[in-house]
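Notes to accompany the following structure.
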Amino acid sequence: MKVEFLDIVLGYLVLVIQVAVAVIAVVKYQAYKNTPLKYISIILIYTAINEIIGSLNIYSNNNNVLIYNIYNVIYFLFFYNAFWFSITKEKYRNWIVACVGIFVLASVVNPFFQNFITESQLLAYVVGACALLFCIILYYIEILSTSKVLLIRQDILFWISVGLLLFYVGYIPIKLTRVFFEYQDNVYLALRIVHRILILILNACFIIGFLWMKKKLPR
């Protein structure tokens with residue numbers, strides 16, 4: 001009962017923090033409107049709405065897989081684009097383009113062996129998450145070799161990348177594990193609790209980034 005209560009509390013906290021980060025993103029828009037993240041407020045509003053709808057579907061026993069499958073494609077593509085525009089080295093940019101191609105291919109192939117409407121697209125998600133982690137690593141390599149590293153604390157993309165890194169490093173194993181423990185309620189519940197904690201960490205990093213960032217001027 002205590003674990004189930006914790007799961008419910010974390011579920012509400014996830015909704016609250018996702019709405020909060022979306023509101024903060026809108027309020028702080030002027031500070032990042034000239035950066036590759038200028039549309040992130042739309043993504044975060046979409047995320048909050050998607051999570052609210054998904055949560056309502058969970059408690060009404062309706063299938064919410066389709067909305068998450070669509071969401072994941074949009075979410076990954078947005079951040080690939082953001083890192084591509086943030087990185088200046090042509091070689092790294094070409095690697096990101098290759099990552100996008102591999103992710104798109106995985107997204108096209110996955111529905112042939114998993115129903116896009118009723119089943120979570122495992123291959124597309126894992127490939128997409130790993131590709132995003134690779135983009136983050138490229139971003140870190142570049143900023144560590146430039147003067148940007150001196151202002152890293154005020155760089156919103158740095159905090160967003162930290163949040164994404166922590167989330168996907170923790171969630172990819174959970175995503176894979178869920179395949180094997182789908183019908184074991186206790187294990188599945190424990191994994192969902194960890195998942196929700198990771199979401200809280202992710203959004204906390206986003207909020208830190210928005211609050212600490214400095215206004216960026218056009219290049």
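A short reminder: the numbers here are calculations on the coordinates, not readings from a lab. These numbers were taken from a predicted model, which means no experiment stands behind them.
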With each run of n ≥ 4 DSSP H residues scored as -39500 (n - 2.57), what mean residue ellipticity at 222 nm is computed for the chain after dividing by its residue count and rounding to the nearest 500 deg cm²/dmol?
-26500 deg cm²/dmol
In sequence order, calculated HN-Hα J values of region 186-200 (Karplus, 6.51, -1.76, 1.60; Hz; x Gly/Pro):
5, 5, 4, 5, 4, 5, 5, 5, 4, 4, 5, 5, 5, 5, 4
What is the gain in length, in nm to one decimal, between residue 85 and residue 126 on full extension, counting 0.36 nm per residue of separation less the C-alpha to C-alpha distance?
12.4 nm
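Semi-axes of the chain's equivalent ellipsoid from the Cα gyration tensor, sqrt of 5 times each eigenvalue, largest first, rounded to whole Å?
Three semi-axes, in Å: 30, 21, 15.
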